[in-house]
Amino acid sequence: MPKTQTLTKRKKFGYALGIFTESLYYNMFYTYYLTFLNEIVGIQPRWSAVIIFISIAWDAVTDPLIGNYTDKPGVDKRKVMRVSILPLALIFTVAWTSIGAGFGSQTLKVLLYTVISMGIWVFYTTYSIPYYAVVAELTEDYDERTSIRSLSSLLNAVCVGLGNILPALVPTVAVLLGKKHESNAYAVIAALISILAIVLGFVCCKSLEGVYTPRKAKEGEVVQKVTIKSTFSAFGDILKLKPTKWFLLFVFFFLAMSSMIQSNLTYMVIDCIGMEYDTGIVFVILSLVVSMGITVPIVEKVAQKKDRRFATILFLSIVFVLEILIKILGLDFTVGSFKIMCVISPATLGIGTGTFWTLFYSMGYDLVELNEFKTGQRKESTITALPQLVQKFGSAFGILMAGMLLSAYGYDSSGDVAGKESLFTKVTDIKIIHGMENISTIIPAVILGISILCLILYPMTRKRYNALITQLEKKRKGEPYTTEGFEKLL
């Protein structure tokens with residue numbers, strides 16, 4: 001029989017709290033770092049986007065190595081997580097300081113913040129891969145995996161709120177700091193977020209005591225040394241699995257879509273919707289968080305009644321239609337005197353992100369058993385690392401596209417200097433405003449359509465997974481087995 005979940009409700013909640021350590025950083029970075037580099041450091045948008053893309057592309061090296069290492073027999077995933085928590089908090093805070101704002105050279109600014117950003121992603125990966133991978137070691141039950149991820153995703157809605165609302169207080173913090181230090185308002189917020197991430201990260205590690213035991217080497221098993229060659233060989237095995245390519249393409253295009261919208265939120269509020277930043281961002285973030293909170297349990301129920309693939313296709317198709325409708329109506333559309341898109345647009349994004357983060361990792365876990373059936377090896381962390389690598393590339397691609405498009409539409413903030421009376425200056429050029437609207441609506445809609453198509457072609461369903469598990473159990477026991485019922489996975 002499949003391994004059953006061993007977490008009590010208290011332990012399950014403690015594990016889920018670990019999402020704060022991952023998601024707070026992720027959301028603040030993807031929503032505000034492009035704006036921070038543009039407006040506070042004074043880097044041209046296209047180069048700000050390149051900084052983010054390069055720093056995340058660096059994960060093409062670190063993600064596979066960390067995933068392969070934490071799959072080694074005897075490696076304790078909790079210890080790997082614990083080691084990364086404090087350095088991640090420190091470098092994340094440094095990344096939001098304005099130490100490079102006074103550099104006259106764009107090149108020096110780009111180099112400095114690229115190196116700092118690369119550091120963030122090394123420690124982020126060291127924490128997040130074992131955090132997500134450990135669930136696949138706790139249970140093989142289809143619905144139990146969804147349930148664990150659903151609770152984590154529900155708390156993620158709170159993380160999205162904090163990771164977006166706290167940085168939205170930057171103008172207020174800047175006033176409190178005064179003219180001399182206002183350019184470091186983001187760093188103050190980053191430090192507060194880091195403190196919360198540290199505490200809850202250690203709570204998560206503690207909750208796994210007694211329920212998670214590092215996998216030991218089987219009798220006669222040769223433990224390979226972790227090298228770049230062995231790492232990419234393990235990745236190669238996963239890529240040979242038939243469902244993998246469609247799953248990874250789905251992940252890439254969804255994250256490209258969502259990060260494009262997310263990185264453009266500040267400009268969307270001020271320039272497209274036409275609201276004051278302090279007021280508009282509150283409506284946007286509250287709508288985003290509430291819609292995620294409502295979406296998560298509904299998606300979980302649909303996934304349990306049908307399966308994860310069906311639920312994801314259904315809800316992302318709703319998002320696709322809504323994005324097109326928003327473009328038709330315009331982000332400056334009003335009902336009476338109220339600019340309704342400050343609620344509708346982020347709620348649409350919330351439905352998409354709530355669906356994705358509830359089901360994405362659970363869908364990836366299913367590949368663990370498929371890989372074991374084909375190769376005899378369990379590679380929880382490697383299988384977590386591969387889609388996470390693609391996830392980051394998708395997110396980086398979305399931000400890169402947003403930055404490049406901002407430049408293409410004529411937006412350039414490189415002449416702005418931190419410390420001016422306003423952190424954000426309203427755009428008046430209609431061409432630029434229309435471009436910003438496209439970055440939040442029709443362009444992401446096209447990318448999302450590609451993501452949905454890939455998911456339709458993804459063959460892993462509940463019925464096929466259960467058939468796989470039945471035969472895998474027979475294979476583990478040395479009994480005769482077949483591939484009946486899951487041939488399309490092979």
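Please indicate, with yes or no, whether at least one residue in the stretch 378-395 is open to solvent by 10 Å² or more (accessible area, probe 1.4 Å), closer than 22 Å to residue 455 by Cβ, at pLDDT 85 or above and in a helix (DSSP H, G or I).
Yes, the stretch 378-395 contains at least one residue that is open to solvent by 10 Å² or more (accessible area, probe 1.4 Å), closer than 22 Å to residue 455 by Cβ, at pLDDT 85 or above and in a helix (DSSP H, G or I).
Of the conditions (1) part of a helix (DSSP H, G or I); (2) open to solvent by less than 30 Å² (accessible area, probe 1.4 Å); (3) in contact (Cβ under 8 Å) with a residue 40 or more places away in the chain, residue 75 fails just one. Which one is it?
(1)
May I ask you to list the residues in the stretch 278-287 that are within 20 Å of residue 441 (Cβ to Cβ) and either open to solvent by less than 70 Å² (accessible area, probe 1.4 Å) or not aromatic (Phe, Trp, Tyr) (or both)? Outline the logic, then answer.
Kept after step one, since they are within 20 Å of residue 441 (Cβ to Cβ), are these residues of the stretch 278-287: 280-281, 283-285, 287.
Once the filter is applied, which keeps residues that are within 20 Å of residue 441 (Cβ to Cβ) and either open to solvent by less than 70 Å² (accessible area, probe 1.4 Å) or not aromatic (Phe, Trp, Tyr) (or both), the stretch 278-287 yields 280, 281, 284, 285, 287.
Taking the stretch 157-209, which residues are open to solvent by 30 Å² or more (accessible area, probe 1.4 Å), assigned to a helix (DSSP H, G or I) and more than 24 Å from residue 42 (Cβ to Cβ)?
158, 162, 165, 192, 195, 196, 198, 199, 202, 203, 206, listed by residue number.
Taking the condition under 26 Å from residue 235 (Cβ atoms), open to solvent by 10 Å² or more (accessible area, probe 1.4 Å) and among the β-branched types (Val, Ile, Thr), does residue 80 pass? First the steps, then the outcome.
Details: under 26 Å from residue 235 (Cβ atoms): yes; open to solvent by 10 Å² or more (accessible area, probe 1.4 Å): yes; among the β-branched types (Val, Ile, Thr): yes.
Here the answer is yes, as residue 80 does meet what is asked.
So residue 15 passes all but one of these: (1) without any contact (Cβ under 8 Å) to a residue 24 or more places away in the chain; (2) within 18 Å of residue 364 (Cβ to Cβ); (3) not aliphatic (A, V, I, L, M). Which condition number does it fail?
(1)
Restricting attention to the stretch 431-453, report how many residues are under 26 Å from residue 143 (Cα atoms), open to solvent by 10 Å² or more (accessible area, probe 1.4 Å) and in contact (Cβ under 8 Å) with a residue 24 or more places away in the chain.
1
Any residue in the stretch 39-66 that is within 14 Å of residue 114 (Cα to Cα) sitting within a Cβ distance under 7 Å of a residue that is basic (Lys, Arg) and open to solvent by 10 Å² or more (accessible area, probe 1.4 Å)? List the pairs, counting only those 6 or more apart or interchain.
Short answer, once both residue conditions are applied: 41/109; 43/109.
Checking the conditions here, which among 88, 108 is in a helix (DSSP H, G or I), under 19 Å from the mean Cα position of the chain (by Cα) and of a type outside the set (Gly, Ala, Ser)?
Answer to the selection: 88.
Given the criteria among the hydroxyl-bearing types (Ser, Thr, Tyr), modelled with pLDDT of 95 or more and either farther than 15 Å from residue 143 by Cα or touching a Cys at 6+ places or on another chain (Cβ under 8 Å) (or both), does residue 337 qualify?
Judged against the criteria, residue 337 is not a match.
Can you tell me which residues in the stretch 18-49 are open to solvent by 30 Å² or more (accessible area, probe 1.4 Å) and assigned to a helix (DSSP H, G or I)?
46, 47 - these are the residues of the stretch 18-49 that are open to solvent by 30 Å² or more (accessible area, probe 1.4 Å) and assigned to a helix (DSSP H, G or I).
What number goes with the only condition from (1) surrounded by fewer than 24 Cβ atoms within 10 Å (Cβ to Cβ); (2) within 16 Å of the chain's Cα centre (by Cα); (3) at pLDDT 80 or above that residue 9 does not pass?
(2)
Taking the stretch 96-118 as the region of interest, how many residues are open to solvent by less than 30 Å² (accessible area, probe 1.4 Å), of a type in the set (Phe, Trp, Tyr) and either over 13 Å from residue 44 (Cβ atoms) or out of contact with any helix residue (DSSP H, G or I) (no Cβ under 8 Å at 6 or more places or on another chain) (or both)?
1
Just one of the numbered conditions (1) more than 28 Å from residue 31 (Cα to Cα); (2) surrounded by 24 or more Cβ atoms within 10 Å (Cβ to Cβ) is not true of residue 356; which one?
Condition (1) is where residue 356 drops out.
In the stretch 259-277, which residues are open to solvent by 20 Å² or more (accessible area, probe 1.4 Å) and either on the phi > 0 side of the Ramachandran plot or aromatic (Phe, Trp, Tyr) (or both)?
Within the stretch 259-277, 274 is the sole residue that qualifies.
Look through 412, 366 and report the one residue that is among the charged types (D, E, K, R), surrounded by 24 or more Cβ atoms within 10 Å (Cβ to Cβ) and over 29 Å from residue 286 (Cα atoms).
After applying the criteria, what remains is 366.
Is it the case that the stretch 335-342 has a residue that's hydrophobic (A, V, I, L, M, F, W, C) and under 15 Å from residue 448 (Cβ atoms)?
no
Tally the residues that are open to solvent by less than 30 Å² (accessible area, probe 1.4 Å) and in a loop (DSSP other than H, G, I, E, B), restricting the search to the stretch 456-490.
Residues meeting the conditions: 5.
Of the residues that make up the stretch 215-233, is at least one open to solvent by less than 40 Å² (accessible area, probe 1.4 Å), more than 29 Å from residue 393 (Cβ to Cβ) and part of a loop (DSSP other than H, G, I, E, B)?
The answer is no; no qualifying residue exists.
The values are calculated or read from the model by the stated rules, or taken from the named source; none is laboratory data. Owing to the predicted nature of the structure, the values given are computational and were not obtained by experimental measurement. For neighbour counting, all protein chains shown are included, and Cβ atoms are generated from backbone atoms with ideal geometry for every residue, glycine included. Accessible surface is based on the protein model in full, side chains and every heavy atom, while ligands, DNA and RNA are left aside. Shrake-Rupley method; radii C 1.70, N 1.55, O 1.52, S 1.80 Å.
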